[in-house]
Amino acid sequence: MSAVGAAVRAIRAHDGSRCGELPPWCWDGGVNALLDPILRWYDAHARDLPWRRPEASAWSVMVSEFMLQQTPVARVLPVHAAWLERWPSPADLAAETTGEAVRLWGRLGYPRRALRLHAAATAIVADHDGEVPSSYDALRELPGVGDYTASAIAAFAFGQALPVLDTNVRRVHQRVLRGTEFPSDSVRAHERRDAEQLLPDDPATAASWSVAVMELGALVCTARTPACEECPIAGQCSWRAAGYPAYDGPPRRGQAWDGTDRQCRGRIMAVLRGSDEPVHATRIEAVWPDAEQRERCLASLTHDRLVVQVSPTTWALP
DNA sequence: AATGCGTGGGA
DNA sequence: TTCCCAAGCAT
(Lines give C-alpha, C1' and ligand atoms only; values in the text may rest on other atoms or scores of the structure.)
Protein backbone atom coordinates (compact mmCIF):
# COMPACT_ATOMS: atom_id res chain seq x y z
CA MET A 1 0.00 0.00 0.00
CA SER A 2 2.77 2.44 0.91
CA ALA A 3 4.50 1.67 -2.37
CA VAL A 4 1.30 2.34 -4.27
CA GLY A 5 0.82 5.59 -2.41
CA ALA A 6 4.31 6.75 -3.22
CA ALA A 7 3.73 5.94 -6.87
CA VAL A 8 0.47 7.86 -6.99
CA ARG A 9 2.05 10.92 -5.45
CA ALA A 10 5.04 10.66 -7.74
CA ILE A 11 2.78 10.61 -10.79
CA ARG A 12 0.79 13.52 -9.45
CA ALA A 13 3.90 15.53 -8.76
CA HIS A 14 5.27 14.77 -12.19
CA ASP A 15 2.39 15.97 -14.32
CA GLY A 16 1.31 18.65 -11.87
CA SER A 17 -2.37 17.67 -11.94
CA ARG A 18 -4.67 16.06 -9.45
CA CYS A 19 -6.17 13.75 -11.99
CA GLY A 20 -8.75 11.48 -10.49
CA GLU A 21 -12.38 11.04 -9.70
CA LEU A 22 -12.65 13.79 -7.13
CA PRO A 23 -14.80 16.88 -7.77
CA PRO A 24 -12.80 19.76 -9.24
CA TRP A 25 -13.59 22.05 -6.31
CA CYS A 26 -11.28 19.85 -4.23
CA TRP A 27 -8.37 21.59 -5.86
CA ASP A 28 -7.37 25.20 -5.67
CA GLY A 29 -4.38 25.77 -7.89
CA GLY A 30 -3.38 22.13 -7.50
CA VAL A 31 -3.72 22.27 -3.71
CA ASN A 32 -6.23 20.41 -1.57
CA ALA A 33 -8.89 23.07 -1.01
CA LEU A 34 -10.13 21.38 2.15
CA LEU A 35 -6.75 21.57 3.86
CA ASP A 36 -6.73 25.11 5.20
CA PRO A 37 -10.23 25.20 6.69
CA ILE A 38 -9.80 21.82 8.34
CA LEU A 39 -6.36 22.61 9.77
CA ARG A 40 -7.65 25.91 11.13
CA TRP A 41 -10.65 24.20 12.66
CA TYR A 42 -8.36 21.61 14.23
CA ASP A 43 -6.12 24.29 15.72
CA ALA A 44 -9.11 25.83 17.43
CA HIS A 45 -11.07 22.76 18.47
CA ALA A 46 -8.79 19.73 18.83
CA ARG A 47 -8.94 17.86 22.11
CA ASP A 48 -5.80 17.80 24.19
CA LEU A 49 -5.11 14.07 24.30
CA PRO A 50 -2.00 12.61 25.99
CA TRP A 51 -0.90 10.65 22.93
CA ARG A 52 -1.06 13.78 20.78
CA ARG A 53 1.29 15.88 22.87
CA PRO A 54 4.72 16.63 21.43
CA GLU A 55 6.45 14.72 24.21
CA ALA A 56 4.36 11.58 23.66
CA SER A 57 6.51 8.55 22.88
CA ALA A 58 5.90 6.24 19.95
CA TRP A 59 4.99 3.62 22.55
CA SER A 60 2.35 5.93 23.99
CA VAL A 61 0.91 6.41 20.52
CA MET A 62 0.97 2.69 19.88
CA VAL A 63 -0.78 1.84 23.16
CA SER A 64 -3.44 4.44 22.42
CA GLU A 65 -4.07 3.03 18.95
CA PHE A 66 -4.60 -0.47 20.30
CA MET A 67 -6.97 0.80 22.96
CA LEU A 68 -8.88 2.99 20.54
CA GLN A 69 -9.72 0.08 18.25
CA GLN A 70 -13.50 0.09 18.68
CA THR A 71 -13.39 1.85 22.05
CA PRO A 72 -14.29 5.53 22.67
CA VAL A 73 -11.65 8.05 23.74
CA ALA A 74 -13.31 8.82 27.07
CA ARG A 75 -12.95 5.24 28.25
CA VAL A 76 -9.41 4.89 26.95
CA LEU A 77 -7.99 7.93 28.75
CA PRO A 78 -7.65 6.54 32.31
CA VAL A 79 -6.50 3.09 31.20
CA HIS A 80 -3.92 4.55 28.85
CA ALA A 81 -2.49 6.66 31.68
CA ALA A 82 -2.29 3.64 33.97
CA TRP A 83 -0.55 1.54 31.33
CA LEU A 84 2.04 4.17 30.49
CA GLU A 85 2.80 4.72 34.15
CA ARG A 86 3.22 1.03 34.85
CA TRP A 87 4.85 0.04 31.56
CA PRO A 88 6.65 3.10 30.14
CA SER A 89 8.35 1.06 27.41
CA PRO A 90 7.66 -2.08 25.35
CA ALA A 91 10.28 -3.94 27.37
CA ASP A 92 8.46 -3.16 30.61
CA LEU A 93 5.29 -4.74 29.28
CA ALA A 94 7.09 -7.65 27.67
CA ALA A 95 8.59 -8.52 31.07
CA GLU A 96 5.11 -8.81 32.55
CA THR A 97 2.70 -11.76 32.39
CA THR A 98 -0.08 -11.64 29.85
CA GLY A 99 -2.54 -12.02 32.71
CA GLU A 100 -1.45 -8.71 34.21
CA ALA A 101 -1.91 -7.05 30.83
CA VAL A 102 -5.44 -8.43 30.64
CA ARG A 103 -6.12 -7.33 34.20
CA LEU A 104 -4.98 -3.75 33.65
CA TRP A 105 -6.92 -3.68 30.39
CA GLY A 106 -9.93 -3.63 32.67
CA ARG A 107 -13.27 -3.11 31.00
CA LEU A 108 -12.11 -1.64 27.71
CA GLY A 109 -13.56 -4.65 25.94
CA TYR A 110 -12.13 -7.06 23.39
CA PRO A 111 -9.42 -8.24 25.82
CA ARG A 112 -7.65 -10.14 23.06
CA ARG A 113 -6.25 -6.72 22.20
CA ALA A 114 -4.37 -6.77 25.50
CA LEU A 115 -2.79 -10.08 24.53
CA ARG A 116 -1.89 -8.75 21.10
CA LEU A 117 -0.36 -5.61 22.57
CA HIS A 118 1.69 -7.76 24.93
CA ALA A 119 2.76 -9.96 22.02
CA ALA A 120 3.62 -6.88 19.97
CA ALA A 121 5.77 -5.55 22.81
CA THR A 122 7.53 -8.90 23.00
CA ALA A 123 8.20 -8.83 19.26
CA ILE A 124 9.50 -5.28 19.50
CA VAL A 125 12.00 -6.37 22.13
CA ALA A 126 12.99 -9.47 20.14
CA ASP A 127 13.19 -7.95 16.67
CA HIS A 128 13.52 -4.17 17.02
CA ASP A 129 15.86 -3.63 19.95
CA GLY A 130 12.97 -2.55 22.13
CA GLU A 131 12.06 0.44 19.96
CA VAL A 132 8.70 0.79 18.23
CA PRO A 133 9.52 0.39 14.51
CA SER A 134 8.76 3.35 12.28
CA SER A 135 8.08 1.73 8.93
CA TYR A 136 4.60 0.75 7.85
CA ASP A 137 5.75 -2.70 6.79
CA ALA A 138 7.51 -3.46 10.08
CA LEU A 139 4.54 -2.21 12.08
CA ARG A 140 2.13 -4.21 9.97
CA GLU A 141 3.88 -7.43 10.96
CA LEU A 142 3.23 -6.88 14.66
CA PRO A 143 0.34 -8.80 16.22
CA GLY A 144 -2.83 -6.73 16.38
CA VAL A 145 -1.56 -4.14 13.90
CA GLY A 146 -3.65 -3.93 10.75
CA ASP A 147 -3.65 -1.35 7.97
CA TYR A 148 -5.20 1.41 10.04
CA THR A 149 -3.00 0.99 13.11
CA ALA A 150 0.22 0.70 11.11
CA SER A 151 -0.61 3.87 9.17
CA ALA A 152 -1.65 5.73 12.30
CA ILE A 153 1.55 4.92 14.21
CA ALA A 154 3.76 5.71 11.23
CA ALA A 155 1.94 9.01 10.66
CA PHE A 156 1.33 10.21 14.21
CA ALA A 157 4.42 8.90 15.99
CA PHE A 158 6.90 9.24 13.14
CA GLY A 159 5.47 11.97 10.95
CA GLN A 160 5.23 9.96 7.77
CA ALA A 161 2.95 10.84 4.85
CA LEU A 162 0.61 7.86 4.82
CA PRO A 163 -3.16 7.92 4.29
CA VAL A 164 -4.98 7.04 7.50
CA LEU A 165 -8.35 5.49 6.81
CA ASP A 166 -10.30 5.02 9.99
CA THR A 167 -14.06 5.02 10.39
CA ASN A 168 -14.11 8.80 10.95
CA VAL A 169 -12.03 9.66 7.89
CA ARG A 170 -14.04 7.27 5.75
CA ARG A 171 -17.31 8.84 6.85
CA VAL A 172 -16.07 12.41 6.24
CA HIS A 173 -14.75 11.50 2.79
CA GLN A 174 -17.95 9.67 1.90
CA ARG A 175 -20.11 12.64 2.79
CA VAL A 176 -17.94 15.42 1.43
CA LEU A 177 -16.76 13.73 -1.75
CA ARG A 178 -19.38 11.12 -2.56
CA GLY A 179 -22.52 12.74 -1.22
CA THR A 180 -23.85 9.80 0.75
CA GLU A 181 -24.23 9.30 4.47
CA PHE A 182 -22.10 6.23 5.17
CA PRO A 183 -19.25 4.35 3.48
CA SER A 184 -19.48 0.65 2.70
CA ASP A 185 -18.67 -1.99 5.29
CA SER A 186 -15.13 -2.49 4.00
CA VAL A 187 -12.55 -0.11 2.54
CA ARG A 188 -12.87 0.05 -1.24
CA ALA A 189 -10.21 0.88 -3.80
CA HIS A 190 -11.78 4.25 -4.61
CA GLU A 191 -11.52 5.26 -0.98
CA ARG A 192 -7.79 4.65 -1.03
CA ARG A 193 -7.47 6.68 -4.22
CA ASP A 194 -9.45 9.52 -2.65
CA ALA A 195 -7.27 9.47 0.47
CA GLU A 196 -4.07 9.31 -1.57
CA GLN A 197 -5.07 12.24 -3.74
CA LEU A 198 -6.10 14.42 -0.82
CA LEU A 199 -2.98 13.67 1.21
CA PRO A 200 -0.57 16.63 1.28
CA ASP A 201 2.91 15.83 0.02
CA ASP A 202 4.74 17.35 2.95
CA PRO A 203 4.95 14.63 5.64
CA ALA A 204 4.29 16.89 8.63
CA THR A 205 1.33 18.51 6.90
CA ALA A 206 0.05 15.09 5.85
CA ALA A 207 0.04 13.84 9.44
CA SER A 208 -1.72 17.01 10.62
CA TRP A 209 -4.27 16.65 7.87
CA SER A 210 -5.02 13.05 8.82
CA VAL A 211 -5.49 13.69 12.52
CA ALA A 212 -7.55 16.78 11.75
CA VAL A 213 -9.95 14.89 9.48
CA MET A 214 -10.25 12.16 12.10
CA GLU A 215 -11.05 14.73 14.76
CA LEU A 216 -13.61 16.40 12.50
CA GLY A 217 -15.33 13.06 12.07
CA ALA A 218 -15.21 12.34 15.79
CA LEU A 219 -16.54 15.72 16.95
CA VAL A 220 -18.57 17.25 14.10
CA CYS A 221 -19.23 14.90 11.22
CA THR A 222 -20.52 12.20 13.55
CA ALA A 223 -22.40 9.09 12.52
CA ARG A 224 -25.62 10.28 14.11
CA THR A 225 -26.78 13.90 14.23
CA PRO A 226 -23.74 15.58 12.70
CA ALA A 227 -23.13 19.20 13.79
CA CYS A 228 -22.97 20.67 10.29
CA GLU A 229 -23.39 24.23 11.57
CA GLU A 230 -19.97 23.84 13.20
CA CYS A 231 -18.32 22.26 10.19
CA PRO A 232 -15.56 24.27 8.48
CA ILE A 233 -16.28 22.64 5.12
CA ALA A 234 -20.07 22.52 5.24
CA GLY A 235 -20.15 24.74 2.14
CA GLN A 236 -18.19 22.13 0.19
CA CYS A 237 -20.06 19.05 1.41
CA SER A 238 -21.71 16.99 -1.31
CA TRP A 239 -24.02 15.21 1.12
CA ARG A 240 -25.24 18.52 2.54
CA ALA A 241 -25.64 20.02 -0.93
CA ALA A 242 -27.76 17.04 -1.94
CA GLY A 243 -30.11 17.63 1.00
CA TYR A 244 -28.78 14.86 3.26
CA PRO A 245 -30.19 11.88 1.37
CA ALA A 246 -30.84 9.00 3.76
CA TYR A 247 -28.57 5.98 3.68
CA ASP A 248 -29.92 3.37 1.28
CA GLY A 249 -27.06 0.89 1.01
CA PRO A 250 -26.98 -2.65 2.32
CA PRO A 251 -28.02 -3.11 5.97
CA ARG A 252 -25.24 -2.08 8.32
CA ARG A 253 -23.89 -4.75 10.56
CA GLY A 254 -25.36 -4.70 14.03
CA GLN A 255 -24.18 -6.89 16.84
CA ALA A 256 -26.48 -9.05 18.91
CA TRP A 257 -25.60 -9.10 22.56
CA ASP A 258 -28.15 -10.70 24.87
CA GLY A 259 -27.32 -14.34 25.46
CA THR A 260 -24.36 -14.38 23.09
CA ASP A 261 -21.03 -16.05 23.71
CA ARG A 262 -19.49 -12.61 23.85
CA GLN A 263 -21.68 -11.68 26.77
CA CYS A 264 -20.88 -14.97 28.48
CA ARG A 265 -17.13 -14.55 27.91
CA GLY A 266 -17.33 -11.01 29.23
CA ARG A 267 -18.96 -12.16 32.45
CA ILE A 268 -16.33 -14.86 32.96
CA MET A 269 -13.48 -12.42 32.30
CA ALA A 270 -14.95 -9.92 34.76
CA VAL A 271 -14.92 -12.56 37.48
CA LEU A 272 -11.31 -13.54 36.80
CA ARG A 273 -10.11 -9.94 36.54
CA GLY A 274 -11.59 -9.25 39.94
CA SER A 275 -9.58 -11.94 41.71
CA ASP A 276 -5.88 -12.17 42.45
CA GLU A 277 -6.23 -15.87 43.08
CA PRO A 278 -7.62 -18.76 41.05
CA VAL A 279 -11.40 -18.71 41.06
CA HIS A 280 -13.51 -21.76 41.89
CA ALA A 281 -15.87 -23.01 39.20
CA THR A 282 -18.89 -22.24 41.37
CA ARG A 283 -18.18 -18.52 41.05
CA ILE A 284 -18.22 -18.82 37.29
CA GLU A 285 -21.39 -20.89 37.33
CA ALA A 286 -22.97 -18.11 39.37
CA VAL A 287 -22.62 -15.59 36.53
CA TRP A 288 -23.74 -17.92 33.70
CA PRO A 289 -26.19 -20.70 34.57
CA ASP A 290 -26.33 -22.30 31.10
CA ALA A 291 -23.76 -25.07 31.52
CA GLU A 292 -23.31 -25.91 27.87
CA GLN A 293 -22.65 -22.34 26.79
CA ARG A 294 -20.51 -21.67 29.85
CA GLU A 295 -18.27 -24.62 29.10
CA ARG A 296 -18.03 -23.67 25.45
CA CYS A 297 -16.96 -20.15 26.38
CA LEU A 298 -14.48 -21.36 28.97
CA ALA A 299 -13.00 -23.57 26.27
CA SER A 300 -12.81 -20.71 23.74
CA LEU A 301 -11.29 -18.38 26.31
CA THR A 302 -8.71 -21.04 27.08
CA HIS A 303 -8.05 -21.49 23.38
CA ASP A 304 -7.57 -17.71 23.10
CA ARG A 305 -5.15 -17.85 26.06
CA LEU A 306 -7.27 -15.35 27.99
CA VAL A 307 -7.77 -17.83 30.83
CA VAL A 308 -5.98 -20.89 32.17
CA GLN A 309 -7.35 -23.83 34.10
CA VAL A 310 -5.27 -24.07 37.26
CA SER A 311 -6.85 -27.19 38.72
CA PRO A 312 -9.80 -29.42 37.88
CA THR A 313 -12.08 -26.87 39.58
CA THR A 314 -10.27 -23.52 39.44
CA TRP A 315 -9.55 -20.91 36.76
CA ALA A 316 -7.38 -17.82 36.53
CA LEU A 317 -5.90 -15.20 34.25
CA PRO A 318 -2.77 -16.48 32.47
C1' DA B 1 -15.78 -12.04 2.63
C1' DA B 2 -18.39 -12.74 6.44
C1' DT B 3 -18.23 -13.37 11.17
C1' DG B 4 -16.76 -13.23 16.00
C1' DC B 5 -14.93 -10.52 19.39
C1' DG B 6 -16.66 -6.48 25.03
C1' DT B 7 -18.37 -2.65 26.99
C1' DG B 8 -20.87 1.35 28.18
C1' DG B 9 -22.72 5.90 27.01
C1' DG B 10 -25.68 8.93 24.40
C1' DA B 11 -29.69 9.96 21.43
C1' DT C 1 -36.24 1.97 26.79
C1' DT C 2 -34.05 0.45 22.93
C1' DC C 3 -30.92 1.02 19.60
C1' DC C 4 -26.65 2.47 17.76
C1' DC C 5 -22.02 2.60 17.64
C1' DA C 6 -16.87 3.76 19.17
C1' DA C 7 -9.22 5.62 16.13
C1' DG C 8 -10.30 -2.64 13.88
C1' DC C 9 -8.18 -7.12 13.68
C1' DA C 10 -7.91 -11.99 12.65
C1' DT C 11 -9.58 -15.90 10.56
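Below is a table of values for the structure above.
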item	result
Any hit, the range A:277-290, residues being within 14 Å of DNA strand B (Cβ to nearest atom), without any contact (Cβ under 8 Å) to a residue 24 or more places away in the chain and outside the structural domain of A:His118 (by TED's automatic domain parsing)	yes
Test set (1) without any contact (Cβ under 8 Å) to a residue 40 or more places away in the chain; (2) farther than 30 Å from A:Trp41 by Cβ; (3) within 10 Å of DNA strand B (Cβ to nearest atom) - A:Met269 fails condition number	(1)
Check on A:Val169, surrounded by 21 or more Cβ atoms within 10 Å (Cβ to Cβ), touching a helix residue (DSSP H, G or I) at 6+ places or on another chain (Cβ under 9 Å) and closer than 30 Å to A:Tyr244 by Cβ	yes
Residues being in contact (Cβ under 8 Å) with a residue 12 or more places away in the chain and surrounded by fewer than 10 Cβ atoms within 10 Å (Cβ to Cβ) - total across the range A:221-247	1
Residue within the range A:226-246 that is of a type in the set (Val, Ile, Thr), in a helix (DSSP H, G or I) and in contact with a helix residue (DSSP H, G or I) (Cβ under 9 Å, 6 or more places away or on another chain) present	no
Listing of helices (runs of 4 or more DSSP H) fully contained in the range A:58-161 that carry 2 or more residues being within 15 Å of DNA strand C (Cβ to nearest atom)	A:58-67, A:73-86, A:112-127, A:136-140, A:147-156
Hits in the range A:223-250 (condition: basic (Lys, Arg) and under 26 Å from the mean Cα position of the chain (by Cα))	A:Arg224
Members of the range A:300-317 that are surrounded by fewer than 16 Cβ atoms within 10 Å (Cβ to Cβ) and either within 17 Å of A:Leu115 (Cα to Cα) or touching a Gly at 6+ places or on another chain (Cβ under 8 Å) (or both)	A:Ser300, A:Thr302, A:His303, A:Asp304, A:Arg305
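The values are calculated or read from the model by the stated rules, or taken from the named source; none is laboratory data. Bear in mind the structure is a predicted one, so any value in this text is a computation, not a measurement. Every residue, glycine as well, gets a Cβ built from its backbone with ideal geometry; the counts of neighbours run over all protein chains shown.
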